[in-house]
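These notes are about the structure you will find just below.
The values are calculated or read from the model by the stated rules, or taken from the named source; none is laboratory data. Small disclaimer: the values here were computed from a predicted structure and weren't measured. As a convention, Cβ positions derive from the backbone with ideal geometry for all residues, glycine included, and neighbour counts pool all protein chains shown. All accessible areas refer to the heavy atoms of the entire protein, side chains included, with ligands and DNA or RNA removed. Shrake-Rupley method; radii C 1.70, N 1.55, O 1.52, S 1.80 Å.
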Amino acid sequence: MKNWKVGSRKSMLALTQTNWVIEQLKKLDAESTFEVHEIVTKGDVILDVTLSKVGGKGLFVKEIEQSLFDKETDMAVHSMKDMPSELPEGLVIGAVPKRVDPRDVLISLTGKTLDELPEGAVVGTSSLRRAAQLLNYRPDLQIRSIRGNIDTRLRKLKEEGFDAIILAAAGLERVNWNGTITQFLPVEISLPAVGQGALAIECRADDTEMLALLKKFDHQPTKLAVTAERAFLHKMQGGCQVPIGAYATIEEGAEGAMPQITLTGMVGAPDGSTLIKHTITGTDPEVLGVQVANHLLDLGAGEILASVLEENAR
Ligand SMILES: NCc1[nH]cc(CCC(=O)O)c1CC(=O)O
């Protein structure tokens, strides 16, 4: 019998995810109770600046991690894509639940798909990754920054003159707003952010009781895929504010054989002029992430990322 304290951001999406995780954990451990602690992060406070310019990794997780260290909370539910590729010493990801749809989606007021949007249409996104890929596919589009939680962005779509906005399918699915989606963008056009569609449950590395509970909730194929994507991100030295995407799929091996991981990585110039992508299949997620990253670095990804960092410093 234990009362676990669960840290969460205050947004509708964060609280929905946290409550969903709690429901699942209750099924695995009927003895325990859980209480949610709402925590405001830097990313929630600074809303008027493009994410890539706010700077610093882990904008949405730092304050929550501090509360874990201070033992004000015992676990925290994050969107995996908001997690920096390296965790602070003393904290671990205790469970990676099964991933939901990893794709980006287009939401347009007129119901027009990406191919049908008129010449010069205004598309809202503050993600350099999404901008790079959209402009590479449709150089005529105008990309405009849009910030805020998903409810705010859907309101701005209507009120601020966007023809369309791009969001993650996962967030909309979790809050039951799939009905707003006009088009699921194929990963060949918009490679998702590292970890998109997955959750990370973070806890203290020495909390064996918590770890034992979370272990039951871990989804191995998702963990393998996300590990490969995050190894790639780490080698590219990127946070969530860089024009980097990665997506891994898992093919279960025959009886006793290792699952096959197919990882695609992407780095793009935010103006869409250059897009570098590469896919490799292997069995070791860490090795695979580094291999894909090294291949992209050989093709000039380092120069693209350096010029983005320079742009942000201005
Ligand atoms: N950038 C913010 C963010 N962080 C996690 C999600 C939801 C999707 C997910 O969990 O992968 C979103 C919204 C979005 O990108 O549309």
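Okay, here's what the table says:
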quantity	calculated
Spans of helices (runs of 4 or more DSSP H) in the range 135-236 with at least 3 residues surrounded by fewer than 17 Cβ atoms within 10 Å (Cβ to Cβ) and modelled with pLDDT under 95	150-159
Subset of the range 64-91 that is buried (at least 24 other Cβ atoms within 10 Å of the Cβ) and among the hydroxyl-bearing types (S, T, Y) - its residue that is nearest to the ligand (Cβ to nearest atom)	S79
The range 118-134, subset hydrophobic (A, V, I, L, M, F, W, C) and part of a strand (DSSP E or B), residue nearest to the ligand (Cβ to nearest atom)	V123
All positions within the range 237-252 that are open to solvent by 30 Å² or more (accessible area, probe 1.4 Å) and either farther than 11 Å from A293 by Cα or part of a helix (DSSP H, G or I) (or both)	C240, Y247, T249, I250, E251, E252
Selection count where residues are small (G, A, S), within 14 Å of the ligand (Cβ to nearest atom) and out of contact with any Lys or Arg (no Cβ under 9 Å at 6 or more places or on another chain), scope the range 154-192	1
Options V308, V287: the member that is assigned to a helix (DSSP H, G or I) and either crowded, with 18+ Cβ neighbours inside 10 Å or in contact with a helix residue (DSSP H, G or I) (Cβ under 6 Å, 6 or more places away or on another chain) (or both)	V308
Single match in G195, G148, G111, G94 (criterion: away from the ligand (no atom under 14 Å from the Cβ) and at positive phi)	G111
Selected residue [of a type in the set (K, R), touching a residue at least 24 places away in the same chain (Cβ under 8 Å) and under 16 Å from G272 (Cβ atoms)] from R174, R129, R153, R147	R129
Cβ-Cβ under 8 Å pairs, at least 6 apart or on other chains, the range 72-100 side more than 18 Å from E229 (Cβ to Cβ), far side of a type in the set (K, R)	E72/K5; T73/K5; D74/K5; D74/R204; M75/K5; G90/R204; L91/R204; G94/K215
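Listed here are the residues, each with its yes/no results for (1) in a loop (DSSP other than H, G, I, E, B); (2) at pLDDT 95 or above.
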{"residue": "F34", "(1), (2)": "no, yes"}
{"residue": "H37", "(1), (2)": "no, yes"}
{"residue": "D44", "(1), (2)": "no, no"}
{"residue": "V49", "(1), (2)": "yes, no"}
{"residue": "S52", "(1), (2)": "no, no"}
{"residue": "G58", "(1), (2)": "yes, no"}
{"residue": "E63", "(1), (2)": "no, no"}
{"residue": "E72", "(1), (2)": "yes, yes"}
{"residue": "H78", "(1), (2)": "no, no"}
